[in-house]
Amino acid sequence: MPRYALSFDGLATKVNHHRTVSEYFTPAEQLADLGIDRLIRIGVGIEDADDVIACLNWTLHHERDVSSEDLVAWRTVRATSWTSG
């Protein structure tokens with residue numbers, strides 16, 4: 001349910017990887033020193049709270065089930081949808 005986003009505008013739940021968005025130009029060593037090299041940010045929208053919790057819970061417990069090939073396929077679909085819409 002959460003959407004990957006560069007900004008947190010709108011009413012939907014959105015998530016981003018702080019390192020690759022807000023701190024893109026900050027050296028990796030500095031991010032590690034600050035303890036934010038693996039920080040994930042989430043902006044909760046107006047969806048039902050139980051749905052958001054269930055989605056995040058599933059993700060936290062199944063992240064190892066997602067293969068590199070799954071990620072490549074997901075990125076390909078996302079890139080196609082961004083350029084066609």
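The values are calculated or read from the model by the stated rules, or taken from the named source; none is laboratory data. Worth saying up front: this structure is predicted, and the values here are computed from it rather than measured. When we count neighbours, we look across all protein chains shown, and the Cβ atoms used for this are built from the backbone with ideal geometry, even at glycine. Accessible surface is based on the protein model in full, side chains and every heavy atom, while ligands, DNA and RNA are left aside. Shrake-Rupley method; radii C 1.70, N 1.55, O 1.52, S 1.80 Å.
Quick notes
- For the range 30-44, residues that are surrounded by 14 or more Cβ atoms within 10 Å (Cβ to Cβ) and acidic (Asp, Glu) total 1.
- Residue-level analysis places LEU56 outside the set of residues that are out of contact with any Lys or Arg (no Cβ under 6 Å at 6 or more places or on another chain) and open to solvent by 70 Å² or more (accessible area, probe 1.4 Å).
- Pairs, first within 12 Å of TYR4 (Cβ to Cβ) and surrounded by 10 or more Cβ atoms within 10 Å (Cβ to Cβ) in the range 67-85, second modelled with pLDDT under 80 and aromatic (Phe, Trp, Tyr), C-beta under 8 Å, six or more apart: ARG78/TYR4
- Test: residue in the range 10-29 that is surrounded by 10 or more Cβ atoms within 10 Å (Cβ to Cβ) and on the phi > 0 side of the Ramachandran plot: yes
- When the criteria are applied in full, ASP48 meets the requirement of being without any contact (Cβ under 8 Å) to a residue 12 or more places away in the chain, over 25 Å from ALA79 (Cβ atoms) and exposed (fewer than 12 other Cβ atoms within 10 Å of the Cβ).
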